[in-house]
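Report on the structure given below.
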Amino acid sequence: MIRAAITSIAGFVPENILSNHDLEKMIDTTDEWITSRTGIRERHIENDPDKATSDMAVEAVKLLCKKRGISPEEIDLLICGTVTGDLIFPSTSNLICAKIGAKNAWGFDLGAACSGFLYGLSTGSQFIETGKYKKVVVVGADMMSRIVDYTDRTTCVIFGDGAGAVLLEPTEENLGVMDFVLHADGKGATHLHMKAGGSLRPPSHDTIDKKMHYVYQEGQAVFKHAVYNMAEVSARIMEKNHIKAEDVKWLVAHQANKRIIDATSSRMGIGPEKVMMNIERYGNTTSGTIPLLLWDYEKQLRKGDNLILSAFGGGFTWGAIYVKWAYDGSKTGK
Ligand code: UT7
């Protein structure tokens with residue numbers, strides 16, 4: 001059986017940092033409130049108005065190819081999970097391919113909010129498993145600072161900008177993307193969405209005056225659903241694949257709130273030493289969180305490690321993927 005192995009990983013965050021102390025000067029908040037409620041200390045924010053989501057993704061994909069020693073022309077397909085695409089159309093995937101010279105690739109964007117990378121990874125892996133393609137790139141990238149209202153103190157403190165990308169290649173070893181469980185429930189849209197900008201409410205003076213082009217989030221409702229569903233789906237993929245807590249090497253969980261991640265690891269019965277965490281430095285980069293975690297921890301990953309990737313987000317969308325890591329990260333890690 002052919003499986004899709006992750007053979008390279010890279011990430012990018014903009015240089016400019018927005019710390020909790022910076023936010024204290026902008027809104028009625030404190031470093032203590034943000035840290036204790038979310039685990040976030042700082043986030044990276046792009047302050048160049050001419051840069052967009054594709055530019056962050058381009059940096060990640062270029063590095064990805066360099067690390068693996070391949071040319072962008074070898075990429076067959078590039079899937080980009082994002083809710084902050086450069087434009088309504090064309091797709092950000094198209095723009096990334098043009099900027100990096102991936103002349104032989106086609107691709108598309110996948111809008112599943114915080115689960116965007118998981119949806120993309122499971123979709124991309126199918127093109128490898130069927131034998132159709134040899135090199136598929138899955139990107140998770142979001143420039144959340146462009147859709148966050150920096151006067152809405154409950155929402156603006158959690159988000160940041162960032163991108164990550166993985167390369168999928170075929171393997172006949174028992175490694176790579178082993179299984180996935182994905183869900184969606186459009187009824188959750190009411191708690192987390194953007195009110196205007198699409199065909200329902202096209203941009204107008206009225207939508208701008210009413211601040212309808214920003215993230216609208218009912219934090220507590222989202223929190224409640226996230227805690228239950230992310231924990232439940234992570235435990236379920238373990239049961240389905242007969243994986244016990246001691247068999248899990250790493251939980252790679254979407255970084256929205258440290259309290260949600262803690263609830264998930266406790267439901268899985270695993271200790272904090274097995275939980276990848278970088279929320280304190282990047283905040284919630286939506287589709288970017290999971291590949292950014294893999295990028296940060298690459299050096300510690302070993303061939304055969306069992307990873308449970310897990311996310312919950314706008315849609316609602318949620319799911320978990322079981323990955324068996326395919327190489328010793330110490331040889332290539334940053
Ligand atoms: O990634 C996609 C999915 N998104 C998520 O998973 C996010 C899930 N939700 C959350 O992480 C949390 O709900 C938030 C971090 C967004 C908010 O935390 P919370 O503990 O749910 O806060 P809250 O909205 O219940 O507000 C509690 C109190 C309120 O004051 P009162 O009414 O108790 O006096 C708020 O006004 O905290 C106040 N508050 C703040 N205080 C200082 C809200 N935001 C702030 C702030 N600084 N930034």
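Observations on the model:
- Where residue 220 falls short, out of the listed (1) closer than 30 Å to residue 231 by Cβ; (2) among the polar types (S, T, N, Q); (3) away from the ligand (no atom under 16 Å from the Cβ): (3)
- Total residues in segment 267-296, condition farther than 26 Å from residue 16 by Cα and free of Cβ contacts under 8 Å to residues at least 24 places away in the same chain: 3
- Candidate set: segment 88-117, residues that are hydroxyl-bearing (Ser, Thr, Tyr) and either more than 16 Å from the ligand (Cβ to nearest atom) or free of Cβ contacts under 8 Å to residues at least 12 places away in the same chain (or both); chosen: the one surrounded by the most Cβ atoms within 10 Å (Cβ to Cβ): 93
- Filter result (crowded, with 24+ Cβ neighbours inside 10 Å and either under 15 Å from residue 288 (Cα atoms) or near the ligand (Cβ under 9 Å from one of its atoms) (or both)) within segment 306-315: 309, 310, 311, 312, 313
- Test: residue in segment 70-82 that is assigned to a loop (DSSP other than H, G, I, E, B), within 16 Å of the ligand (Cβ to nearest atom) and closer than 24 Å to residue 150 by Cβ: yes
- Of the residues 157, 166, the single one that is within 25 Å of residue 236 (Cβ to Cβ) and not assigned by TED's automatic domain parsing to the domain that holds residue 289 is 166.
- Within segment 319-329, the presence of at least one residue that is among the acidic types (Asp, Glu), free of Cβ contacts under 8 Å to residues at least 60 places away in the same chain and more than 19 Å from residue 117 (Cβ to Cβ) is confirmed.
- In segment 252-281, the residues that are away from the ligand (no atom under 11 Å from the Cβ), surrounded by 24 or more Cβ atoms within 10 Å (Cβ to Cβ) and farther than 12 Å from residue 234 by Cβ: none
- Members of segment 233-244 found to be within 15 Å of residue 309 (Cβ to Cβ) and without any contact (Cβ under 8 Å) to a residue 60 or more places away in the chain, listed by number: 235
- Qualifying residue in segment 144-155 (condition: under 29 Å from residue 303 (Cβ atoms) and modelled with pLDDT of 95 or more): no
- Qualifying residue in segment 25-35 (condition: more than 16 Å from the ligand (Cβ to nearest atom), of a type outside the set (Asp, Glu) and touching an Asp or Glu at 6+ places or on another chain (Cβ under 7 Å)): no
- Hey, residue 120 in contact with a Gly (Cβ under 6 Å, 6 or more places away or on another chain) and touching a residue at least 24 places away in the same chain (Cβ under 8 Å) or not: yes
The values are calculated or read from the model by the stated rules, or taken from the named source; none is laboratory data. Everything numeric here is computed off the predicted structure, so don't read it as measured data. All Cβ positions, glycine included, derive from the backbone under ideal geometry; neighbour counts span all protein chains shown.
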